[in-house]
Amino acid sequence: VQLQASGGGLVQAGGSLRLSCAASGRTFTNYAIGWFRQVPGKEREFVAAINWNGSSTKYVDFVKGRFTVSRDNAAYTVYLEMNNLKPEDTATYYCGASPVPSWNRGRPLEYDFWGQGTQVTVSS
């Protein structure tokens, strides 16, 4: 499956952005989709993920209550709604596709396919 992330940009602290991860190729519903982020010099870290039909989600603690992950299988797209953004949320955000039941462990190695990343910059 091919993934393309979009929707990043520059926003002030307290603002909102909605990222999109558009998929093509293989059957979209075969995959859980996760969002990760990375800053230069650091490892890619888990942000949120959603299972194949949207019935199960997982979030890292520091985004709970601020970020919401959802998916539209008819549109082959997963969204990450980000509210109350903080400067520490600044990173390149990537979406990944996982075909395995362990998608919710939040580990990049569980994800087989990746999009190209979209930059999110939050100014203070």
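The values are calculated or read from the model by the stated rules, or taken from the named source; none is laboratory data. Quick caveat, the model's predicted, so the values are computed rather than measured. Here the Cβ positions follow ideal geometry from the backbone for every residue, glycine too, while neighbour counts run over all protein chains shown. Note: areas computed on protein heavy atoms with side chains; ligands, DNA, RNA excluded. Shrake-Rupley method; radii C 1.70, N 1.55, O 1.52, S 1.80 Å.
If you add up the charges near Leu80, with Lys and Arg at +1 and Asp and Glu at -1, over every other residue whose beta carbon is less than 12 angstrom from its beta carbon, what do you get?
Details: positive: Arg18, Arg37, Arg66, Arg71; negative: Glu81, Asp89.
Within the 12 Å Cβ shell, the charges total +2.
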Rounded accessible area per residue of the chain, 1.4 Å, Å²:
49
Excluding Ser16 itself, what net charge comes from residues whose Cβ is under 14 Å from its Cβ, given Lys and Arg +1 and Asp and Glu -1?
+1
At a Cα cut-off below 17 Å, give the aspartates and glutamates reachable from Lys86, other chains included and same-chain residues fewer than 8 away excluded.
Glu45, Asp61
Once you put a point 7 Å from the Cα of Asn30 and another 7 Å from the Cα of Lys64, both along the Cβ direction, what distance in nm separates them?
3.4
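From the C-alpha gyration tensor of region 34-124, pull out the three semi-axes of the equivalent ellipsoid (sqrt of 5λ each), sorted largest to smallest, in whole Å. Don't skip to the answer; put the middle values down first.
Details: eigenvalues 84, 46, 30 Å².
Values for region 34-124, descending: 21, 15, 12 Å.
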Which three extents, in whole angstrom, do the alpha-carbon atoms of region 49-93 cover along their principal axes, largest first?
34, 18, 15
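Quick check: at a probe of 1.4 Å, how many percent of the accessible area of the chain sits on carbon and sulfur atoms?
Details: 2800 of 6130 Å².
For the chain, the apolar C and S fraction of the accessible surface comes to 46 percent.
If you take every residue apart from Val60 with its C-beta less than 13 Å away from the C-beta of Val60, what net charge results, scoring Lys and Arg +1 and Asp and Glu -1? Please report the intermediate quantities before stating the final value.
On the way: positive: Arg37, Arg44, Lys58, Lys64, Arg66, Arg105, Arg107; negative: Glu45, Asp61, Glu88, Asp89.
Once all neighbours under 13 Å are counted, the net charge is +3.
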What percent do you get for the relative contact order of the chain when only Cα pairs under 8 Å and 6+ apart count?
36
